[in-house]
1. Checking residue 179 against (1) surrounded by fewer than 18 Cβ atoms within 10 Å (Cβ to Cβ); (2) assigned to a helix (DSSP H, G or I); (3) within 16 Å of the chain's Cα centre (by Cα): exactly one of these is not met. Which one?
2. Which residues, counting only those in region 73-93, are out of contact with any Phe, Trp or Tyr (no Cβ under 8 Å at 6 or more places or on another chain), of a type outside the set (A, V, I, L, M, F, W, C) and in a strand (DSSP E or B)?
3. Just checking, which of 76, 61, 70 is out of contact with any strand residue (DSSP E or B) (no Cβ under 9 Å at 6 or more places or on another chain) and either at pLDDT below 90 or exposed (fewer than 12 other Cβ atoms within 10 Å of the Cβ) (or both)?
4. Restricting to region 186-210, what's the tally of residues that are touching a Ser or Thr at 6+ places or on another chain (Cβ under 7 Å) and open to solvent by 50 Å² or more (accessible area, probe 1.4 Å)?
5. From the set of residues in region 140-164 that are of a type in the set (S, T, N, Q) and either closer than 20 Å to residue 209 by Cα or at pLDDT 90 or above (or both), which is most open to solvent (accessible area, probe 1.4 Å)?
6. Condition check: polar (S, T, N, Q), at pLDDT 95 or above and surrounded by 15 or more Cβ atoms within 10 Å (Cβ to Cβ). Does residue 167 satisfy that?
7. Among (1) more than 30 Å from residue 52 (Cα to Cα); (2) open to solvent by 70 Å² or more (accessible area, probe 1.4 Å); (3) touching a helix residue (DSSP H, G or I) at 6+ places or on another chain (Cβ under 7 Å), which single condition is residue 125 missing?
8. List every residue pair whose Cβ atoms lie under 6 Å apart, where the two residues are 6 or more positions apart in sequence or sit on different chains, the first residue falls within region 83-99 and is at positive phi, and the second residue, located anywhere, is loosely packed, with under 14 Cβ neighbours inside 10 Å and of a type in the set (Ser, Thr, Tyr).
Amino acid sequence: PYTTLFRSKLLAAFLLLSCSVQAGMFESEPIKIFKNYPFDMHKTEFQKKFRQFGECQFNMGEDKLCADRGAEDLYGIPLNILVFFEKNRSYKIVLKTTETVNRDTYLELFRGMIKSGFELYEIKDSEGSFNIYDEIFSNGGRKSSDDEASKKLDALELVSDKTNKATLYYTEHSKMQKLLKSRQKFTSTKDIFSKVPSDIRFVEMNVENYKGMYSLELIFTVPHTKISTIDDRPAERF
């Protein structure tokens, strides 16, 4: 199975998931913006529901709302929140660290994503990308070498004067597993992702490590569902 492609630190995270998958994102947290992911919510309705949001100090011509600095606390990390709108409908949420965090805190978030029901399927850095599904198809479904993936993950944990950057790509584990076990035949990674449920969430985690201190950005999207253009359409929550 593809979970064996990564070294023990990633495998352990997936094993944690198999023991206890949380049905929703951050269920143990107080009711916050992620309790009911406010995708495709009209901007006016969003501001009524989440009164802590207002116009961003630096808007850069984009349609977005911001909360107070460090409004969310995720796995011990205070984060700024930006909610982006298209045609007055929310379609993307971006979390950014308010200040750098140490290695242990970064690893806590890394494990927390897995425990929260997300699976890591791709790692991309300046040297290229490693995609679990691409490896499966290129090796006829057999296990491939995990050296490249391990190297990329290890680089994010090094303490050096060099800045190490990478993007970790996640999607919802339960929905992806249901698709893969549906007895459909898949011919490529693109084929798999063309058949995912329309409400499946994706996360891009941008990680930057300089001397063992980390800057993080998490981008949450539901890219396979179209944005509504009808103002009075009921908001959908995933």
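The values are calculated or read from the model by the stated rules, or taken from the named source; none is laboratory data. Because the structure is predicted, anything quoted here is derived from the model rather than measured. Every residue, glycine among them, receives a Cβ derived from its backbone with ideal geometry; neighbour counts consider all protein chains shown. When the accessible area is computed, the model is the full protein with side chains, heavy atoms only, and any ligands, DNA or RNA have been set aside. Shrake-Rupley method; radii C 1.70, N 1.55, O 1.52, S 1.80 Å.
1. (3)
2. Passing the criteria: 73, 78, 80, 86, 89.
3. On the way: 76 fails: out of contact with any strand residue (DSSP E or B) (no Cβ under 9 Å at 6 or more places or on another chain); 70 fails: out of contact with any strand residue (DSSP E or B) (no Cβ under 9 Å at 6 or more places or on another chain).
Criteria check complete, one pass: 61.
4. The total comes to 4.
5. Within region 140-164, the first condition is being of a type in the set (S, T, N, Q), and the residues that meet it are 144-145, 150, 160, 163-164.
Then drop every residue that is not either closer than 20 Å to residue 209 by Cα or at pLDDT 90 or above (or both), which leaves 150, 160, 163-164.
Working: 150: 7, 160: 40, 163: 58, 164: 18 Å².
Selected residue: 163.
6. On the way: polar (S, T, N, Q): yes; at pLDDT 95 or above: yes; surrounded by 15 or more Cβ atoms within 10 Å (Cβ to Cβ): yes.
Answer is yes for this residue.
7. Failed condition: (2).
8. Between residues of region 83-99 that are at positive phi and residues that are loosely packed, with under 14 Cβ neighbours inside 10 Å and of a type in the set (Ser, Thr, Tyr), the close pairs are 87/229.
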